[in-house]
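Chemist: Can you read through this structure? Questions will come right after.
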Amino acid sequence: MSEYSDVVETARSYYNSEDADNFYFNVWGGEDIHIGLYKDEQEPIRDASRRTVAELADRLETAGPDSEVIDLGGAYGGSPRYVAGQYGCHVVSLNLSEVQNRRARQQNEEYGMADKVTVVDGDFENVPYDDNSFDIVWSQDSFLHSGNRLAVLKEIERVLKPGGELLFTDPMQEDNIAQDAEKLQPVLKRLSLDTLGSPGFYQQELAQLGFEHIEFDDKSDQLPRHYGRVREELLSRYDELTGTRIGKDYVDSMLEGLAAWVEAGKAGLLRWGFIHARLKQ
Ligand SMILES: C[S@@+](CC[C@H](N)C(=O)[O-])C[C@H]1O[C@@H](n2cnc3c(N)ncnc32)[C@H](O)[C@@H]1O
């Protein structure tokens with residue numbers, strides 16, 4: 001029996017499946033499986049996704065060679081390796097999917113980063129580290145999978161040292177969604193979710209937990225753009241992908257799900273951007 005809650009187990013089996021692993025690794029962005037920052041409509045997904053990591057890393061105010069960093073939901077390890085390379089620090093990549101983690105460890109070896117990035121199998125609702133273990137908590141597009149985002153924020157507060165830095169992105173719903181909530185159902189269905197976080201939710205809960213200098217840098221226009229680009233890529237490689245690496249049912253359902261995200265994003269129901277905060281000393 002799994003030690004994880006039902007929602008967490010759903011995310012785990014989803015990302016561990018061969019279809020999802022092949023899709024995210026080969027189509028979404030390779031090392032990076034998050035929303036990209038696009039210069040224009042033509043830019044390759046990989047380049048735009050890398051730009052997100054680079055811009056986020058530039059935002060860090062306290063990082064240095066002695067920093068202890070944790071990435072919650074580090075997947076294939078692209079961001080942990082980037083941050084470790086940029087600042088010379090040690091990064092823990094805590095991630096639920098053992099399949100992704102195997103690829104991440106292999107890539108760490110290939111890039112000569114195995115001593116700088118430690119990949120840990122685990123759940124960010126129960127971070128397997130002592131209180132005050134980290135200087136920086138980083139996360140990209142992962143908290144959407146949680147059934148208990150408040151528990152995740154409490155875990156972040158617990159493992160951060162006083163004065164520690166939190167920097168994350170997450171696909172969210174807009175704050176005043178009430179009358180449009182039904183329209184989000186196709187979006188939530190794609191990943192078997194009940195809700196998404198929102199900028200207001202995160203800002204309010206982080207303040208309650210003792211964070212300060214809480215900022216949301218709204219880059220919501222990138223969300224429908226990114227999901228649209230992934231959809232186009234999937235469509236243009238449909239025969240190749242369904243003929244070899246990914247099941248047709250998975251691709252068809254992904255195309256439908258991505259269309260729902262693009263539509264909801266264009267309708268202004270979704271939010272995405274950088275959330276940055278410091279825990280009080
Ligand atoms: C969209 S991917 C983003 C991955 C990575 N942060 C990136 O930007 O490339 C979401 C990731 O969240 C991870 N995840 C989902 N729920 C988790 C949980 N409860 N604990 C740890 N990782 C989780 C999944 O394994 C998946 O790799």
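None of the figures in this text is laboratory data; all of them are computed from the coordinates on show. Just so you know, these numbers come straight off a predicted model, no measurement behind them. Note: ideal-geometry Cβ built from the backbone for every residue, glycine included; neighbour counts use all protein chains shown.
Chemist: From the list 239, 221, which residue is on the phi < 0 side of the Ramachandran plot, within 21 Å of the chain's Cα centre (by Cα) and not polar (S, T, N, Q)?
Modeler: On the way: 239 fails: within 21 Å of the chain's Cα centre (by Cα).
Answer to the selection: 221.
Chemist: Can you name the number of the only condition in (1) within 12 Å of the ligand (Cβ to nearest atom); (2) touching a strand residue (DSSP E or B) at 6+ places or on another chain (Cβ under 7 Å); (3) in a loop (DSSP other than H, G, I, E, B) that residue 61 fails?
Modeler: (1)
Chemist: Could you count how many residues in the range 83-120 are of a type in the set (Ser, Thr, Tyr), surrounded by fewer than 23 Cβ atoms within 10 Å (Cβ to Cβ) and assigned to a strand (DSSP E or B)?
Modeler: Initially, the range 83-120 is screened for residues of a type in the set (Ser, Thr, Tyr), giving 87, 93, 97, 111, 118.
Then drop every residue that is not surrounded by fewer than 23 Cβ atoms within 10 Å (Cβ to Cβ), which leaves 87, 111, 118.
Subsequent filtering for residues that are assigned to a strand (DSSP E or B) retains 118.
The qualifying residues number 1.
Chemist: Then there's this: For residues in the range 25-58 being away from the ligand (no atom under 12 Å from the Cβ) and in a loop (DSSP other than H, G, I, E, B), which is surrounded by the most Cβ atoms within 10 Å (Cβ to Cβ)?
Modeler: Selected residue: 38.
Chemist: Return the residues of the range 135-165 that are within 24 Å of residue 31 (Cβ to Cβ), crowded, with 22+ Cβ neighbours inside 10 Å and away from the ligand (no atom under 13 Å from the Cβ); say none if nothing qualifies.
Modeler: 136, 165
Chemist: Let me ask another. Within the set of pairs 6 or more residues apart or between chains, which connect a residue that is in contact (Cβ under 8 Å) with a residue 60 or more places away in the chain inside the range 144-156 to a residue that is more than 8 Å from the ligand (Cβ to nearest atom) and of a type in the set (D, E, K, R) with Cβ atoms less than 8 Å apart?
Modeler: 147/6; 147/194
Chemist: Which residue, of 188, 193, 166, is out of contact with any Pro (no Cβ under 9 Å at 6 or more places or on another chain) and either part of a loop (DSSP other than H, G, I, E, B) or farther than 25 Å from residue 52 by Cα (or both)?
Modeler: Checking each option against the conditions leaves just 193.
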